[in-house]
Amino acid sequence: MKRIFTFAVLLSIAAASQAQEMLSLQRCRELALRNNRQLKVSRMTVDVAENTHKAAKTKYLPRIDALAGYEHFSREISLLNSNQKGTLANLGTNTAGQLGSQIGQSITSLAQQGIISPQAAQQLGQVLGNMTTPLAQAGDNIGRTISDAFRSDTRNVYAGGIIVSQPIYMGGAIKAANDMAAIGEQVAHNSIDLKQQNVLYAVDNAYWLAVSLKKKETLAIRYRDLAQKLDNDVRKMIREGVATRADGLKVDVAVNTADLQIARIQSGVSLAKMALCELCGLDLDGSISLSDEGDADLSPAPSASADSPYITPSDSTALNELRPELRLLQNAIDMSRQNTKLVRSLYRPHVLLTGGYSVSNPNLFNGFQQKFTDLWNIGITVQVPIWNWGEGRYKVRATKTATSIAQMELEDARKKVELEVEQNRFRLRDANRQLATAHKNMAAAEENLRCADLGFKEGVMTVTDVMAAQTAWQTARMAIIDAEIAVRLAQTGLQKALGGL
């Protein structure tokens with residue numbers, strides 16, 4: 001039982017330490033890049049684009065297909081008509097009858113001419129009759145055999161084969177499709193870079209917002225402590241009769257206002273940290289600590305330079321390479337150019353080498369045979385478009401216009417990016433000036449508060465003077481916090497504008 005209790009205590013301590021994990025800005029960025037769902041989807045999109053590119057490369061290689069089939073027909077093909085079949089079936093009867101009639105006429109003629117006697121003619125006729133019947137039957141059998149040999153018996157047809165095709169020239173369609181697949185792969189990678197920059201930018205803004213509110217909470221607590229100390233001093237002075245009840249009420253109002261301000265800021269801190277947790281993929285309990293949320297001033301961080309006021313040609317070229325938005329627009333231009341080549345290829349000659357091996361039953365290679373017989377073939381197919389009423393020309397013009405539109409959009413986006421860079425440089429310079437001014441004002445506010453406290457203790461200053469000095473001190477300190485956060489946000493904005501996130 002004791003071991004179980006000890007184990008439970010250790011688990012609770014570990015959970016508490018994990019809940020209060022100190023997160024730096026870099027750690028938040030790493031968590032966001034690792035846990036963001038949209039980035040995971042984009043990485044899967046890259047896998048799709050890579051496999052699509054690999055599939056496009058296979059168009060250069062021969063393609064092999066296998067075919068097999070069976071068909072049953074209600075009637076068979078007949079090469080002989082009904083009259084021809086009837087003639088072949090009675091071939092012997094018709095031939096023997098005609099032959100017997102001719103021989104009978106010859107025997108009768110010989111008997112009439114006295115060459116043979118009537119008795120001899122009668123005997124020859126009997127012999128001829130005995131020979132005609134077997135000959136007729138034999139002839140009929142031969143005719144039926146010939147008729148059966150011409151039967152196709154195509155009611156049940158079996159066929160199978162292997163077809164091989166090798167593109168030789170397809171008008172440039174295969175190369176254009178491969179180039180488009182390669183550009184699609186670049187688009188997927190550039191989309192990841194764009195989403196990564198957007199995620200990092202959102203994390204930086206959420207981080208510094210949470211830091212700002214936490215610092216303001218600490219400042220509000222310090223201001224409330226000053227007001228409470230003044231309230232205690234005024235209560236003592238009221239008891240001694242050197243201060244009025246109105247002075248005490250003024251200080252009470254200041255203390256209550258400070259408490260209300262603390263409650264509001266604490267709610268804002270919780271919401272800001274919850275938003276940061278959502279971006280980082282953490283639990284939405286807001287129980288995290290940030291490394292920069294202490295009361296001390298923020299240390300200066302290295303960032304993109306704000307000294308150069310204008311974009312140089314080299315900067316413009318670097319922007320094209322660093323900003324994923326510009327790279328995506330360049331991909332759109334390249335894709336449109338390849339689309340023009342693909343459309344043009346549809347109206348060019350196509351040459352295809354073909355070959356195959358097939359078997360069929362029945363077959364006609366040795367008469368009609370009810371068995372499988374194989375056959376191989378090889379050939380070349382050429383397709384040449386001759387006239388299409390200008391369809392190809394119109395489609396090519398349309399794709400070229402689409403390319404011009406994409407180029408104009410890229411140029412417009414480049415100008416907007418240059419403007420964004422200059423605006424963020426101006427913001428950074430202005431934020432640095434405000435921070436320097438805020439530090440000067442803070443020094444004056446601290447001296448003013450010291451003089452007001454000293455004058456109040458010596459009785460030469462009123463409660464209102466001390467409260468005004470405290471308010472001025474709080475305002476000056478809050479101005480420093482706002483200026484520090486403004487500098488960090490301006491640095492982040494400039495890095496994003498320059499493609500450095």
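Close contacts from the stretch 170-195, counting a first residue that is within 29 Å of Thr354 (Cα to Cα) and a second that is among the polar types (S, T, N, Q) and open to solvent by less than 20 Å² (accessible area, probe 1.4 Å), with Cβ to Cβ under 6 Å and a gap of 6+ residues or different chains, come to Gly171/Ser345; Gly172/Ser345; Ala173/Ser345. In the stretch 374-400, the residues that are closer than 14 Å to Leu346 by Cα and in contact (Cβ under 8 Å) with a residue 24 or more places away in the chain form Cβ pairs under 8 Å with partners that are among the polar types (S, T, N, Q) and open to solvent by less than 90 Å² (accessible area, probe 1.4 Å), at six or more places apart or across chains, as follows: Val396/Thr340; Thr399/Ser336; Thr399/Asn339; Thr399/Thr340.
Remark: pairs (first residue in the stretch 63-75, touching a residue at least 40 places away in the same chain (Cβ under 8 Å) and farther than 21 Å from Arg155 by Cβ; second residue open to solvent by 100 Å² or more (accessible area, probe 1.4 Å) and among the polar types (S, T, N, Q); Cβ separation under 6 Å; 6+ apart in sequence or on different chains) are absent. Within the stretch 348-393, the set of residues being touching a Pro at 6+ places or on another chain (Cβ under 9 Å) and of a type in the set (Lys, Arg) comprises Arg348, Lys371. Among the residues of the stretch 410-424, is there at least one that is closer than 30 Å to Asp252 by Cα, at pLDDT 90 or above and surrounded by fewer than 21 Cβ atoms within 10 Å (Cβ to Cβ)? No, the stretch 410-424 contains no residue that is closer than 30 Å to Asp252 by Cα, at pLDDT 90 or above and surrounded by fewer than 21 Cβ atoms within 10 Å (Cβ to Cβ). Within the stretch 18-53, the residues that satisfy the criterion of being free of Cβ contacts under 8 Å to residues at least 40 places away in the same chain and either under 14 Å from the mean Cα position of the chain (by Cα) or within 15 Å of Gln186 (Cβ to Cβ) (or both) are Arg37, Lys40, Val41, Met44, Asp47, Asn51. All of Gly459, Gly379 fail the test of being in contact with a Ser or Thr (Cβ under 7 Å, 6 or more places away or on another chain), over 30 Å from Ala149 (Cα atoms) and loosely packed, with under 11 Cβ neighbours inside 10 Å, apart from Gly379. Candidates in the stretch 239-277 are the residues that are aliphatic (A, V, I, L, M), loosely packed, with under 15 Cβ neighbours inside 10 Å and part of a helix (DSSP H, G or I); of these, the one that is modelled with the lowest pLDDT is Ala246. When the stretch 196-215 is limited to residues that are open to solvent by less than 40 Å² (accessible area, probe 1.4 Å) and either without any contact (Cβ under 8 Å) to a residue 12 or more places away in the chain or of a type in the set (D, E, K, R) (or both), the one that is nearest to Gly499 (Cα to Cα) turns out to be Asp204. Filtering Asp334, Asp374 for residues that are of a type in the set (D, E, K, R) and buried (at least 16 other Cβ atoms within 10 Å of the Cβ) leaves a single hit, Asp334. Once the stretch 337-369 is narrowed to residues that are more than 23 Å from Ile64 (Cα to Cα) and in a strand (DSSP E or B), the residue that is most open to solvent (accessible area, probe 1.4 Å) is Phe365. Only one of the numbered conditions (1) touching a residue at least 60 places away in the same chain (Cβ under 8 Å); (2) within 26 Å of the chain's Cα centre (by Cα); (3) within 30 Å of Ile163 (Cα to Cα) is not met by Gln407, and that is (3).
The values are calculated or read from the model by the stated rules, or taken from the named source; none is laboratory data. Keep in mind that what you see is a predicted model, and the values were worked out from it rather than measured. A quick note on method: Cβ atoms are made from the backbone with ideal geometry, for glycine too, and the neighbour counts reach across all protein chains shown. For accessibility, only protein heavy atoms count, side chains too; no ligands or nucleic acids. Shrake-Rupley method; radii C 1.70, N 1.55, O 1.52, S 1.80 Å.
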